[in-house]
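The values are calculated or read from the model by the stated rules, or taken from the named source; none is laboratory data. Keep in mind the model is a prediction, meaning the values are calculated, not measured. Cβ placement follows ideal geometry from the backbone for every residue including glycine, while neighbour counts extend to all protein chains displayed.
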């Protein structure tokens, strides 16, 4: 998955939908592209606050998915050993991009990128 596909998949899992902009013609929307708006999901891969919000949304929908998320995140941080070699504190150092991948793996939306 490329970064934009990841952002959209996470946003859609959190209930985001692109909306038609009444002020912009022609399409696509030409609103301020530096800030998230109705046609731009948050920058989950670079923003820990945005990922925190996405994670909280997932927990509200399904609390049991939290353990799957932690397991996926541990496997991303240590592919060979997974959680067996991680402490809970090690998981706190995960980047937003690593959290985004774990989130997508948890909801079965992750797609491997082929070169």
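A few remarks follow.
- Residue count for the range 34-74, restricted to those that are in a loop (DSSP other than H, G, I, E, B), closer than 14 Å to residue 10 by Cα and modelled with pLDDT of 90 or more: 6.
- Verdict on residue 86 being at pLDDT 85 or above and touching a helix residue (DSSP H, G or I) at 6+ places or on another chain (Cβ under 7 Å): no
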